[in-house]
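Colleague: The structure's right below; bear with me while I get my questions together.
The values are calculated or read from the model by the stated rules, or taken from the named source; none is laboratory data. It should be emphasised that the depicted structure is a prediction, and the values quoted were computed from it without experimental measurement. Reconstructed Cβ throughout: ideal geometry from the backbone, glycine too, with neighbour counts over all protein chains shown. Each accessible area value is taken on the protein alone, full model and side chains, heavy atoms only, with ligands, DNA and RNA left out. Shrake-Rupley method; radii C 1.70, N 1.55, O 1.52, S 1.80 Å.
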Amino acid sequence: MSLNHSDETHRNLLARVPGVTGRELPEWFEALEAGPAFLRFDDRVRWLRDEHGLAHGHATAIVHEHDLRRAARFFG
């Protein structure tokens with residue numbers, strides 16, 4: 001999945017997640033891991049938007065960052 005925004009925008013979105021959502025990134029990662037086992041990136045973004053009321057940009061940034069960190073754990 002390629003993102004529609006730059007690395008800088010991604011970092012800025014992530015930095016704003018706690019203030020906008022009231023939850024830190026690790027809490028969102030736990031929610032993704034405990035939520036439905038969607039394989040597709042877009043399905044996980046849609047779930048965050050629909051279930052938790054997140055804006056599309058924040059949901060996308062959270063899912064992308066979760067994928068990056070998970071890949072680093074397994075392949076890093």
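Colleague: Of the residues that sit in segment 19-40 and are crowded, with 16+ Cβ neighbours inside 10 Å and of a type outside the set (Ser, Thr, Tyr), which one is farthest from Arg69 (Cα to Cα)?
Modeller: Once the filter is applied, the top-ranked residue is Ala31.
Colleague: Can you confirm whether segment 41-49 contains a residue that is surrounded by 12 or more Cβ atoms within 10 Å (Cβ to Cβ) and not in a helix (DSSP H, G or I)?
Modeller: Checked against the condition, which is being surrounded by 12 or more Cβ atoms within 10 Å (Cβ to Cβ) and not in a helix (DSSP H, G or I), segment 41-49 yields no hits at all.
Colleague: Which of the following residues is part of a loop (DSSP other than H, G, I, E, B) and out of contact with any Leu (no Cβ under 7 Å at 6 or more places or on another chain): Arg16, Arg23?
Modeller: After applying the criteria, what remains is Arg23.
Colleague: Would you please list the contacts, defined by Cβ atoms under 8 Å and residues six or more apart or on different chains, that run from a residue in segment 19-42 that is closer than 14 Å to Ile62 by Cα and among the acidic types (Asp, Glu) to a residue that is in a helix (DSSP H, G or I) and open to solvent by less than 60 Å² (accessible area, probe 1.4 Å)?
Modeller: Glu24/Val17; Glu24/Pro18
Colleague: Then there is this: Would it be correct to say that Thr60 is among the polar types (S, T, N, Q), surrounded by 13 or more Cβ atoms within 10 Å (Cβ to Cβ) and touching a helix residue (DSSP H, G or I) at 6+ places or on another chain (Cβ under 6 Å)?
Modeller: yes
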